[in-house]
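Q: Sharing a structure below in structure tokens format, with a few things to ask.
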Amino acid sequence: MTAQKTTSAHPAAALEKALAAYRQDLNEAQWEAVIHDGGPLLVIAGAGTGKTRTLTYRVARLVLQGVDPRAILLLTFTRKASREMLRRASALLDDRCSAVSGGTFHAFAHGVLRRYAGRLGLDRAFTIIDRADAESLVGQIRKESNVPTRGFPTKRTLTDIFSQCVNKDRGLEEILADGYGHLMPFLDTIAGIARQYRERKKLHRFLDYDDLLVELRNLLRTDPELCQRIAESYPHIMVDEYQDTNRLQADILYLLAHRHRNLMVVGDDAQSIYSFRGANFRNIMAFPEIFADTRVIRLEENYRSVQPVLSLTNALIAGATEKYPKHLFTRRPDGPLPRLVRTMSENAQSRWIIDEIRLLTRRGIGLEEIAVLFRAGYHSFDLEIELTREGIEFVKVGGFKFMESAHIKDLLAHLRVLVNPDDRLCWHRILQLLDKVGPKTAQSICDTIIDTRSGAAGLLDAPFSPRLAAVLTPLKELFSRLTREELSVAQMGEAVLAYYLPLLKDLHEDHPRRARDLEQLLEIMERYERLETFLADMALEPPDQLVENGLHLPSGDERRLVLSTIHSAKGLEWHTVFVIWTLDGRFPSLRAIDTPEDLDEERRLMYVAATRARENLVFTCPMQAYDRAADMVLDRPSRFLTDIDADLLESIDEAPDMDWRLDW
DNA sequence: AGCCCGTCGGTTTTT
DNA sequence: CCGACGGGCT
């Protein structure tokens, strides 16, 4: 970051000078991408080749040359990624960069839909439902549909299937035939549930994550005039992590950019790890077919990793059946050889890692420079216990989500019905918190409330049996307050919390911790003027104050080890990376080993994990583990690692007698 | 009989 | 944190 700010009295000269400084910071290929203008651009950026840097500098360059920052649309995979980029661009140039329009596809779609909801025939008061809500709704329909008790997919699988239909733009039958052959006999029943799911979303005024994108595409397709207006307001579009976008997102981009054609997409086909969401690594290669005359720039110099790490990751990805031809090179020759360490047990794996972390920190490596990565959230449970016991501070990213924890959803449910009284999901949740109220009772109360179209007021007036009436009294009082008084968003939150805290105490052993979470949520509510905006943000982009209790530690707080799923580690890097549970059958997962495409995706996932390491890369696995589902003993390291030349990866077996010695 | 509630075993990955 | 299952209440 050596570029200087433009303070000269001669704008033209100052501009030249600033551009020259940018050029100093970039290699040839990066610079080409940064100064590219007018026309579609595809940047294929291998791991660690300065993809973010290139995007950041391009934003700064455009703003420097007088482009209105609001006219730049920067679409990223997470809001965190977009904020980080804009922060860096602002540091490079000035604060104007923070005005760049940016965020996730979903947040962008939401913004447009809210603004033009009327044109779509969408009620303005729609509610965004998250994955858990979608599953509950599907679950309700599934229950009512009298499905076979054996062999019929769970609500989770059903929701997955419906989502894939949308994201892959394919029919139900195709999706089933392709990935769920054993469910073909249920095709008609599943189709019925899918239809009801669509109908009920409409009835309750719900949009799920997929609907946000679908409705945006519809809007742009059916209203060319509006489409053009929106397209013109963003004459510069940039997309990060393009390998993880799907057909639907590509359609939206095409609609927005096909006229001005100022579209830059950046990605790495070898790092495509979201096929379960409809992404396909071939999409990125197909980009030049959609936009004729696409300029393709490849970034191949790796700035992140030392040669031994790079050699290993090159070998890893070379084993894929689909090839990703690239010639990544580094100028950082020296470094330790990556290791594969086999331990006697899962717990020994945890304790081995803790010992290794102690060694590293004694050598002066900060805890925050170390990460432990894994395939699935629960893979780190044992390690978390040991870390806590040892007093090592850590933060866990990915896996279970804060926003989906019961107490948060409970609180939000009471607010959601204020905005959308048709929100049956929330009524059910609210009612079932009450003593003696289960699914059936909730259903009947719900019918009373909604069928009379009276919303929260219906709850107040409807006649109930004496037993129920008593149970419902506090709730009635709450809603009478919420609807009658003019309350700010935060005051509503306070009222709900006051009502909910006693319930929370009965419900959860760890209520003090959960109560603190809720207090934090209240603090965040202070920032909002409108309840709808607050609720939408909670569904789409919850502030990371809530999500990750300080991963980036701007204030130099205590330093913490990072535990993360590989999916959530995308784009990040650390001095030392441990990849745990690299046991064949766990990673790659047993469910992936029968299909070549799935297996390749697992390999890319391993590639993403390994390429996060700058200097020190360690794979660990227990020597054996029993897999109950398959009734199998897993006792070989990941096939991705056993394939690799011995001179690229050092294999170490923890001595059997070490196990009990480490105990004391 | 219908319904609620506690317990126990199994969990991919995310906007 | 889901689903199934069985005890026990109304």
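The values are calculated or read from the model by the stated rules, or taken from the named source; none is laboratory data. All values reported here derive from a predicted model rather than from experimental measurement. Note that each Cβ is placed from the backbone with ideal geometry, even for glycine, and that neighbours are counted across all protein chains shown.
Q: With A:LEU590, A:LEU583, A:LEU617, A:LEU599 as the choices, which residue is farther than 29 Å from A:PHE329 by Cβ and at pLDDT 90 or above? Show your work before the answer.
A: Values: A:LEU590 fails: at pLDDT 90 or above; A:LEU617 fails: farther than 29 Å from A:PHE329 by Cβ; A:LEU599 fails: farther than 29 Å from A:PHE329 by Cβ.
Within the list A:LEU590, A:LEU583, A:LEU617, A:LEU599, the selection yields A:LEU583.
Q: Please determine, by comparing only the residues of the range A:109-129 that are in contact (Cβ under 8 Å) with a residue 60 or more places away in the chain and closer than 30 Å to A:VAL59 by Cβ, which one is nearest to DNA strand C (Cβ to nearest atom).
A: We begin by selecting, within the range A:109-129, every residue in contact (Cβ under 8 Å) with a residue 60 or more places away in the chain; these are A:109-110, A:112-114, A:116, A:119-120, A:122-123, A:125-129.
After this cut, where a residue has to be closer than 30 Å to A:VAL59 by Cβ as well, the list is A:109-110, A:112-114, A:116, A:128.
Numbers: A:ALA109: 26, A:HIS110: 24, A:VAL112: 31, A:LEU113: 27, A:ARG114: 28, A:TYR116: 33, A:ILE128: 18 Å.
Only one residue tops the list, namely A:ILE128.
Q: So, in the range A:133-167, exactly how many residues are polar (S, T, N, Q) and assigned to a helix (DSSP H, G or I)? Steps first, answer last, please.
A: Pass one, the range A:133-167, residues polar (S, T, N, Q): A:136, A:140, A:145-146, A:149, A:154, A:157, A:159, A:163-164, A:167.
When the remaining residues are screened for being assigned to a helix (DSSP H, G or I), the result is A:136, A:140, A:157, A:159, A:163-164, A:167.
Summing the residues that are polar (S, T, N, Q) and assigned to a helix (DSSP H, G or I) in the range A:133-167 gives 7.
Q: Which ones in the range A:458-503 are closer than 20 Å to A:LEU535 by Cβ, hydrophobic (A, V, I, L, M, F, W, C) and modelled with pLDDT under 85?
A: Passing the criteria: only A:LEU459.
Q: Scan the range A:618-636 and give yes if some residue there is buried (at least 19 other Cβ atoms within 10 Å of the Cβ) and basic (Lys, Arg), otherwise no. Break it down into steps so the answer makes sense when it comes.
A: To start, the set of residues in the range A:618-636 that are buried (at least 19 other Cβ atoms within 10 Å of the Cβ) comprises A:618-622, A:634.
Among the residues that remain, those that are also basic (Lys, Arg) are: none.
Among the residues of the range A:618-636, not one is buried (at least 19 other Cβ atoms within 10 Å of the Cβ) and basic (Lys, Arg), which makes the answer no.
Q: So, in the range A:321-361, of the ones that are out of contact with any strand residue (DSSP E or B) (no Cβ under 6 Å at 6 or more places or on another chain) and basic (Lys, Arg), which residue ends up modelled with the highest pLDDT?
A: A:ARG358
Q: Could I ask something else about it? Given the criterion in contact with a Phe, Trp or Tyr (Cβ under 7 Å, 6 or more places away or on another chain) and either aromatic (Phe, Trp, Tyr) or part of a helix (DSSP H, G or I) (or both), identify the matching residue among A:ASP410, A:ASP355.
A: Values: A:ASP355 fails: in contact with a Phe, Trp or Tyr (Cβ under 7 Å, 6 or more places away or on another chain).
Every option except A:ASP410 fails the conditions.
Q: Every residue in the range A:73-108 that is under 23 Å from the mean Cα position of the chain (by Cα) and either outside any helix (DSSP H, G or I) or within 16 Å of DNA strand C (Cβ to nearest atom) (or both), please.
A: Result: A:LEU73, A:LEU74, A:LEU75, A:THR76, A:PHE77, A:THR78, A:VAL100, A:SER101, A:GLY102, A:GLY103, A:THR104.
Q: Further, regarding this structure: Of the conditions (1) within 16 Å of DNA strand C (Cβ to nearest atom); (2) more than 30 Å from A:SER480 (Cβ to Cβ); (3) surrounded by fewer than 22 Cβ atoms within 10 Å (Cβ to Cβ), A:ASP435 fails just one. Which one is it?
A: Every condition holds for A:ASP435 apart from (2).
Q: Then there's this: I'm trying to understand the selection: among the residues of the range A:134-146, which are touching a helix residue (DSSP H, G or I) at 6+ places or on another chain (Cβ under 6 Å) and within 10 Å of DNA strand C (Cβ to nearest atom)?
A: A:GLU135, A:SER136, A:VAL138, A:GLY139, A:ARG142 - these are the residues of the range A:134-146 that are touching a helix residue (DSSP H, G or I) at 6+ places or on another chain (Cβ under 6 Å) and within 10 Å of DNA strand C (Cβ to nearest atom).
Q: Pairs under 6 Å by beta carbon, first residue away from DNA strand C (no atom under 16 Å from the Cβ) in the range A:615-642, partner of a type in the set (Asp, Glu), six or more apart or different chains?
A: So the pair list comes out as A:PRO622/A:GLU346; A:GLN624/A:ASP635; A:LEU634/A:ASP627; A:ARG636/A:ASP584; A:SER638/A:ASP584; A:ARG639/A:ASP584.
Q: Name the single residue that is surrounded by the most Cβ atoms within 10 Å (Cβ to Cβ) among those in the range A:319-366 being more than 15 Å from A:THR620 (Cβ to Cβ) and of a type in the set (Phe, Trp, Tyr).
A: A:TYR324
Q: Here is a list: A:ALA89, A:ALA99, A:ALA33, A:ALA45. Which entry is surrounded by fewer than 17 Cβ atoms within 10 Å (Cβ to Cβ) and over 30 Å from A:LEU203 (Cβ atoms)?
A: Numbers: A:ALA89 fails: surrounded by fewer than 17 Cβ atoms within 10 Å (Cβ to Cβ); A:ALA33 fails: surrounded by fewer than 17 Cβ atoms within 10 Å (Cβ to Cβ); A:ALA45 fails: surrounded by fewer than 17 Cβ atoms within 10 Å (Cβ to Cβ).
It is A:ALA99.
Q: Right, A:GLU368: of a type in the set (D, E, K, R), under 23 Å from A:ALA609 (Cβ atoms) and away from DNA strand C (no atom under 16 Å from the Cβ) or not?
A: Working: of a type in the set (D, E, K, R): yes; under 23 Å from A:ALA609 (Cβ atoms): yes; away from DNA strand C (no atom under 16 Å from the Cβ): yes.
Taking the combined requirement at face value, the residue satisfies it.
Q: Name the pairs whose Cβ atoms lie under 6 Å apart, with the first residue in the range A:153-165 and farther than 16 Å from A:LEU207 by Cα, the second assigned to a helix (DSSP H, G or I) and within 15 Å of DNA strand C (Cβ to nearest atom), and 6 or more positions between them or separate chains?
A: A:LYS155/A:GLU135; A:LYS155/A:VAL138; A:LYS155/A:GLY139; A:LYS155/A:ARG142; A:ARG156/A:GLU135; A:LEU158/A:VAL138
Q: For the range A:335-356, check the following and say yes or no: at least one residue is closer than 19 Å to A:ALA569 by Cα and out of contact with any helix residue (DSSP H, G or I) (no Cβ under 6 Å at 6 or more places or on another chain).
A: yes
Q: If you don't mind, there's one more thing I want to ask. What is the residue count in the range A:404-431 for residues that are surrounded by fewer than 18 Cβ atoms within 10 Å (Cβ to Cβ) and either aromatic (Phe, Trp, Tyr) or within 19 Å of the chain's Cα centre (by Cα) (or both)?
A: Here the count works out to 2.
Q: Looking at the range A:582-607 only, could you name the residues that are within 18 Å of A:LEU634 (Cβ to Cβ), crowded, with 19+ Cβ neighbours inside 10 Å and away from DNA strand B (no atom under 11 Å from the Cβ)?
A: A:THR582, A:LEU583, A:ASP584, A:GLY585, A:ARG603, A:MET606
Q: Go through the range A:429-451 and give me each residue that's out of contact with any Leu (no Cβ under 7 Å at 6 or more places or on another chain) and small (Gly, Ala, Ser).
A: Those that are out of contact with any Leu (no Cβ under 7 Å at 6 or more places or on another chain) and small (Gly, Ala, Ser): A:GLY438, A:SER444.
Q: Identify all residues within the range A:15-70 that are of a type outside the set (Asp, Glu) and free of Cβ contacts under 8 Å to residues at least 12 places away in the same chain; write none if there are none.
A: Answer for the range A:15-70, where residues must be of a type outside the set (Asp, Glu) and free of Cβ contacts under 8 Å to residues at least 12 places away in the same chain: A:ALA20, A:ARG23, A:TRP31, A:GLY66.
Q: In the range A:519-575, what residues are within 16 Å of DNA strand B (Cβ to nearest atom), assigned to a loop (DSSP other than H, G, I, E, B) and at pLDDT 85 or above?
A: Once the filter is applied, which keeps residues that are within 16 Å of DNA strand B (Cβ to nearest atom), assigned to a loop (DSSP other than H, G, I, E, B) and at pLDDT 85 or above, the range A:519-575 yields A:LYS570, A:GLY571, A:LEU572.
Q: Consider only pairs whose beta carbons are under 7 Å apart and that are at least six residues apart or on different chains; among these, list those whose first residue lies in the range A:426-441 and is on the phi < 0 side of the Ramachandran plot and without any contact (Cβ under 8 Å) to a residue 40 or more places away in the chain and whose second residue is more than 12 Å from DNA strand C (Cβ to nearest atom) and of a type in the set (Lys, Arg).
A: A:CYS426/A:ARG416
Q: Could you list all residues from the range A:193-215 that are touching a residue at least 60 places away in the same chain (Cβ under 8 Å), assigned to a helix (DSSP H, G or I) and either touching a His at 6+ places or on another chain (Cβ under 9 Å) or of a type in the set (D, E, K, R) (or both)? Give the derivation first.
A: If we filter the range A:193-215 for residues that are touching a residue at least 60 places away in the same chain (Cβ under 8 Å), which is where we start, we get A:197, A:200-201, A:203-209, A:212-213, A:215.
From the residues that got through so far, the ones that are assigned to a helix (DSSP H, G or I) too are A:197, A:200-201, A:203-204, A:209, A:212-213, A:215.
Residues satisfying the conditions are A:ARG200, A:LYS201, A:TYR209, A:LEU212, A:LEU213, A:GLU215.
Q: I'm checking my understanding of the structure. Among residues of the range A:131-157 that are surrounded by 18 or more Cβ atoms within 10 Å (Cβ to Cβ), within 23 Å of the chain's Cα centre (by Cα) and farther than 18 Å from A:CYS446 by Cβ, which one is farthest from DNA strand B (Cβ to nearest atom)?
A: A:LYS155
Q: Given the conditions (1) within 16 Å of DNA strand B (Cβ to nearest atom); (2) not in a helix (DSSP H, G or I), and given that A:ALA125 satisfies all but one, which numbered condition is not satisfied?
A: Result: A:ALA125 fails condition (1) only.
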